[in-house]
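Trainee: Okay, handing you the structure first.
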Amino acid sequence: MKDRLSKIKEEAIADIKSLSNLESLENIRIKYMGKKGELTSVLREMGKLTKEERPVIGQMANEIRQEIEQELSEARERFKEKLKEERIEKEKIDITITKKTRKLGHRHPLVATIEELENLFISMGFSVVEGPEIETVEYNFDALNSPENHPSRDLSDTFYITEDILLRTHTSPVQIRAMKTMKPPLKIVSAGRTFRFDDVDDTHSPMFHQLEGLVIDEKVTMANLMDTIDIFIKQLFGKDMKTRFRPHHFPFTEPSAEVDVSCFSCKGEGCPTCDGTGWSMELLGCGMVHPKVLENCGIDPEKYSGFAFGMGIDRITMVKYGINDIRLLFENDNRFLEQF
Ligand code: DAH
């Protein structure tokens, strides 16, 4: 019986050592120590032994059972540990990995200015509309009452695509589009790119930006125009800024005016920047919409009148942000752009 017990012990331990998973561990326990297990059946046969043999074999069988249990529980721990490690390995997140990030940009000073201007006009009841950068000669010149021989029509001043199509030289054709598609009363602004055949220097660029405004209604007067411009300038540059209207000529307005504002450096005191005049010159052009322009768009000049204005946005941006070279606005140099 002693031999049988030793054999059982050896086999059990060998079985346990060769295990590959937790489930088969339980099978082994049953094989040796379950109700019909090998060790259990040996113990059952104890009755057949002599009085002297019984305690000796009993003790041996007990020790073997304890040893097998010990081996089983160690194997169980080993498997659990292994499973844990496998799970950790599987669920590992590598926090050192670098994610592809995209640098967040921000508004270009020009765009920021355009939005500020648009918002100012929106607060005064204007709507914002858009017009194409590629225009017809008809809308850019003819419908705006520009004379056949006007110098701005010259090939040396304007980028023509065909005889009838060009890159718009100003935002004023948006007036025509608005009047042809919307019924008065109307109150719109439109900002965007404009193009002229200009040599590049610190204040000139063949591509620049304008904002156009148009108001058409019954009984609109020059006083409405002057008041609107004055309120706008004060909101944009500050309450102390004054406006000055100088008579001028534009084919699409009559009367026409150019507007100056208090010098941005001295606010009107007179300083070297403004040659002591206290004025910053030509911030915008404006006037009462010419009756011929109204007629060209199918609006009755006897019933309706209106005013229009147009301003360069690049210059306003430069004044607002203290930029002294227009080229900086278009070169996309990060060292410049990151300053805003
Ligand atoms: N279009 C003119 C220019 O580019 C500016 C201008 C003047 C616009 C008078 C207007 C206006 O709407 O009424 O120089």
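Trainee: What does the charge count around residue 154 come to, taking other residues whose C-beta lies under 12 Å from its C-beta (Lys +1, Arg +1, Asp -1, Glu -1)? Numbers along the way, then the final one.
Mentor: On the way: positive: 153, 196; negative: 148, 157.
Spelling it out: positives minus negatives among the neighbours equals 0.
Trainee: Over the Cα atoms of the range 245-316, Rg to Rh with Kirkwood Rh, two decimal places? Please report the intermediate quantities before stating the final value.
Mentor: Details: Rg = 15.8 Å, Rh = 13.6 Å.
Rg divided by Rh gives 1.15.
Trainee: Distance in nm between label sites at residue 30 and residue 133, each 7 Å beyond Cα in the beta-carbon direction?
Mentor: If labels sit at residue 30 and residue 133, their model points lie 8.0 nm apart.
Trainee: Per residue, how much space in cubic angstrom lies within the convex hull of the C-alpha atoms of the chain? Before the final figure, lay out each step's value.
Mentor: Details: hull volume 98.8 nm³, N = 340.
For the chain, the hull spanned by Cα atoms encloses 291 Å³ per residue.
Trainee: Spelling out what I want: for every residue of the range 229-234, take phi, set θ = phi - 60°, compute 6.51 cos²θ - 1.76 cosθ + 1.60 (Karplus), and round to whole Hz; glycine and proline get x.
Mentor: Listing the rounded values in order: 5, 4, 4, 4, 4, 5 Hz.
Trainee: Okay, next question. Cα-based Rg of the range 2-91 per 2.2 N^0.38 Å, rounded to two decimals? Let's see the in-between values first.
Mentor: Numbers: Rg = 16.0 Å, N = 90, 2.2 N^0.38 = 12.2 Å.
Ratio of Rg to 2.2 N^0.38 Å for the range 2-91: 1.32.
Trainee: Using a 1.4 angstrom probe with every protein chain in place, what is the largest-first accessible-area order of 196, 44? It would help to have the intermediate numbers written out before the result.
Mentor: Values: 196 90, 44 160 Å².
Order by accessible area, largest first: 44, 196.
Trainee: Take every Cα pair under 8 Å in the range 125-230 that's 6+ residues apart, average their separations, divide by the length, and report that relative contact order as a whole percent.
Mentor: Numbers: 159 pairs, mean separation 29.9, N = 106.
Relative contact order here is 28 percent.
Trainee: What accessible area, in Å² to the nearest ten, does a 1.4 Å probe give for residue 321?
Mentor: Accessible area, nearest 10 Å²: 90 Å².
Trainee: How big is the C-alpha Rg of the range 110-229 next to the rule-of-thumb value 2.2 N^0.38 Å, as a ratio?
Mentor: Numbers: Rg = 15.3 Å, N = 120, 2.2 N^0.38 = 13.6 Å.
My calculation over the Cα atoms of the range 110-229 gives 1.13.
Trainee: Give me the number: length gained by fully extending residue 50 to residue 81, i.e. 0.36 nm times residue separation minus the C-alpha to C-alpha distance, one decimal in nm. Before the final figure, lay out the partial values.
Mentor: On the way: separation 31, 0.36 × 31 = 11.16 nm, distance 4.56 nm.
My answer for the length gained is 6.6 nm.
Trainee: Tell me, what ³J(HN,Hα) does each residue in the range 23-40 have, in order and in whole Hz, if you take phi through Karplus 6.51 cos²θ - 1.76 cosθ + 1.60 with θ = phi - 60° and put x for Gly and Pro?
Mentor: Values, residue by residue: 5, 5, 4, 5, 4, 5, 4, 5, 4, 9, 10, x, 3, 9, x, 4, 5, 4 Hz.
Trainee: Any chance you could count the Lys pairs in the range 228-340 whose alpha carbons are under 20 Å apart, treating pairs 8 or more apart or on different chains as valid?
Mentor: Qualifying lysine pairs in the range 228-340: 9.
Trainee: Rounded to the nearest 10 Å², what accessible area does residue 158 show when all protein chains are kept and the probe is 1.4 Å?
Mentor: 0 Å²
Trainee: What nm value, rounded to one decimal, do you get for the distance between residue 275 and residue 6 when each label is placed 7 Å out toward the C-beta?
Mentor: Here the modelled spin labels are 12.4 nm apart.
Trainee: Here is a follow-up. Relative contact order for the chain: what percent, with Cα pairs under 8 Å and sequence separation of 6 or more?
Mentor: Numbers: 490 pairs, mean separation 47.2, N = 340.
That works out to 14 percent.
Trainee: Counting Lys +1, Arg +1, Asp -1, Glu -1, what net charge surrounds residue 193 among other residues with beta carbon under 13 Å of its beta carbon?
Mentor: Details: positive: 168, 196; negative: 130, 133, 135, 212, 314.
Spelling it out: positives minus negatives among the neighbours equals -3.
Trainee: Further question: Expected output is a single nm value to one decimal: the length gained when fully extending between residue 155 and residue 226, i.e. 0.36 nm times separation in residues minus the C-alpha distance. What is it?
Mentor: Details: separation 71, 0.36 × 71 = 25.56 nm, distance 3.47 nm.
So the chain would gain 22.1 nm between residue 155 and residue 226.
Trainee: With every protein chain kept in place and ligands, DNA and RNA left out, what is the accessible area per residue of the chain? Probe 1.4 Å, answer in Å². Write out the running numbers ahead of the final one.
Mentor: Values: 20320 Å² over 340 residues.
Result: 60 Å² per residue.
The values are calculated or read from the model by the stated rules, or taken from the named source; none is laboratory data. All figures in this text were calculated on a predicted structure; none of them were measured in a lab. Because the Cβ atoms are built from the backbone with ideal geometry, glycine has one as well, and the counts that use them run over all protein chains shown. These accessible areas exclude ligands, DNA and RNA; they are computed on the full protein's heavy atoms, side chains included. Shrake-Rupley method; radii C 1.70, N 1.55, O 1.52, S 1.80 Å.
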